[in-house]
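Each reported figure results from applying straightforward, stated rules to the coordinates on display, with no laboratory input. All figures in this text were calculated on a predicted structure; none of them were measured in a lab. Here the Cβ is made from the backbone with ideal geometry for all residues, glycine too, and neighbour counts use every protein chain on show.
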Amino acid sequence: MNRIVIVGASAAGLTAAETIRRRGWDGHLTLIGEEHRPPYDRPPLSKQILTGDWGPEHATLRSRPDLARLRADLRLGQRAAALDVPGRRVHLGGGESIGFDALVIATGVAPRRLPESDLAGVHVLRTLDDAIALRAALRAGPRVVVVGAGFLGTEVAAAARAMGLEVTVVEPEPVPVRRPFGDRIGALVAELHRDRGTRLRCGVPVRRLRGAGGRVTGVDLSDGTTPPADIVVLALGAAPATDWLEGSGLRLEDGVECDAYCRAAPRIYAAGDVASWPNAHFGTRMRLEHRMNATEQAMAAAGNLLGDATPFDPVPYFWTNQYDIRIQAYGIFPPDAEMQIVYGDPSDGHFAAAYGHHGRVVGVLGWNATRRVGTLRRLVVERASWAAFAATPALSPATLN
């Protein structure tokens with residue numbers, strides 16, 4: 001094996017490249033990235049970069065000398081257009097093709113849009129350039145409508161309110177962040193935003209964007225109302241960036257479908273937001289758009305490419321920062337899971353909760369409770385019995401204090 005190609009130069013792709021070199025592989029390594037910028041971190045885009053607390057350079061993951069030490073053929077600003085699996089070649093948008101003996105796919109996701117997304121004033125937030133453009137638009141003091149109240153939408157709303165802007169959040173679900181955390185946590189996030197002056201329109205789907213003279217003026221909702229907007233931020237979720245893989249023969253269900261070793265085909269692996277794989281710890285197939293998973297899965301995929309043969313079965317970790325609140329979570333949070341507060345009280349702004357599903361503790365969540373939720377993580381790792389957990393005095397709030 002003399003040639004390894006990595007497609008995707010964000011956190012997962014960079015980590016895969018670093019892992020391959022750290023493990024002592026000394027062949028020809030190519031790292032292909034669609035953006036012209038060197039690899040950077042995405043979580044700050046909706047927080048420090050958007051508010052202006054950080055300059056764009058602070059999001060950069062590695063310096064130019066660090067990248068040079070990878071001894072990689074770094075192809076920035078080049079988009080993968082097609083994959084020839086039998087021929088072992090990646091075709092680029094400019095017509096060039098690059099051969100490989102082994103491949104790591106780390107192309108991430110692309111933001112979903114609405115039909116009228118080409119109106120001036122409509123933004124998505126996926127890239128550093130997106131964040132810079134949105135930051136510049138927010139400085140003019142516009143009325144902002146955020147469409148979507150998942151993590152990204154609520155973080156953007158919090159950043160805009162911190163800048164003193166008039167913000168409306170529109171969400172078809174009855175509460176924000178319902179899909180990851182359910183109704184109880186969603187209601188607390190809604191209260192958090194209302195207390196900070198954000199207008200929430202939950203349970204009301206969007207019909208279309210309204211514009212005049214080529215510029216967005218508002219968002220038509222299903223109840224007949226139209227919140228006015230100078231800026232609309234679309235936070236509708238994202239789709240795996242697999243269009244270039246159509247016709248390749250790889251299984252493309254929810255992303256690139258891999259086995260437990262992050263392998264999509266012989267000597268072809270995937271990692272990060274684009275990869276779907278069966279996690280034996282939870283007995284379910286998953287695809288995660290979490291920053292920590294990008295790093296962990298890239299390390300696992302690179303290791304298995306080099307011969308480890310180790311299943312990837314992590315306990316996911318993710319977080320969101322909004323205003324002065326930090327929500328941290330380990331595990332998974334199925335819609336029909338039971339939830340129990342095990343430390344503190346939501347009314348006090350500090351608490352931790354556990355989630356049970358099919359008789360096991362599958363997730364723990366902390367609301368401004370970093371140390372507590374870190375301690376509780378072991379319940380998910382050990383697949384603790386939900387019935388035993390609920391009945392054990394040692395896990396009561398008093399004991400955890």
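Data for the structure
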read-out: Euclidean distance between Cα centres, region 110-136 to region 328-369, Å; value: 33 Å
read-out: Nonlocal amide H pairs with residue 210, under 5 Å, H built at 1.01 Å; value: 217, 218, 219, 220
read-out: Label-reachable residues, region 21-36, where backbone N falls under 14 Å from a point 7 Å from residue 1's Cα toward its Cβ; value: 21-30
read-out: Summed residue charge, Cβ within 10 Å of residue 148's Cβ, Lys/Arg positive, Asp/Glu negative; value: -1
read-out: Average Cα contact separation per residue, region 38-197, under 8 Å, 6 or more apart, as relative contact order %; value: 20 percent
read-out: Kirkwood-Stokes translational diffusion coefficient of region 318-362, alpha-carbon pairs, 20 °C, 1.002 mPa s, µm²/s; value: 184 µm²/s
read-out: Hz values of 3J(HN,Hα) by residue in region 333-350 - Karplus curve (6.51, -1.76, 1.60), Gly and Pro given as x; value: 9, x, x, 9, 6, 7, 10, 9, 6, 10, 8, x, 8, x, 5, 8, x, 9
read-out: Relative contact order of the chain, defined on C-alpha pairs under 8 angstrom at six or more residues apart (%); value: 14 percent
read-out: Sum of side-chain charges, residue 309 neighbourhood, beta-carbon under 12 Å (Lys, Arg +1; Asp, Glu -1); value: -1
read-out: All Cα pairs of the chain, percent lying beyond 42 Å; value: 15 percent
read-out: Positive minus negative residues near residue 364 (Lys, Arg vs Asp, Glu; Cβ under 10 Å); value: +3
read-out: Per-bin percent of Cα-Cα distances, region 1-155 [10 Å]; value: 10, 34, 30, 19, 7, 0
read-out: Cα-based equivalent ellipsoid of region 41-93: semi-axis lengths in Å, sorted from largest, via gyration tensor; value: 31, 16, 8
read-out: Efficiency of FRET between residue 62 and residue 25 - r from beta-carbon atoms, R0 22 angstrom, step 0.05; value: 0.75
read-out: Region 77-197: projected area of the alpha-carbon convex hull, averaged over directions, in nm²; value: 10.6 nm²
read-out: Amide H contacts of residue 251 (H built 1.01 Å from N, under 5 Å, at least 5 apart or other chain); value: 257
read-out: Inverse of mean 1/r across different Cα pairs in region 337-394, Kirkwood, Å; value: 11.2 Å
read-out: Under-5 Å amide H pairs with residue 169, H placed in peptide plane, nonlocal only; value: 146, 199, 200, 201
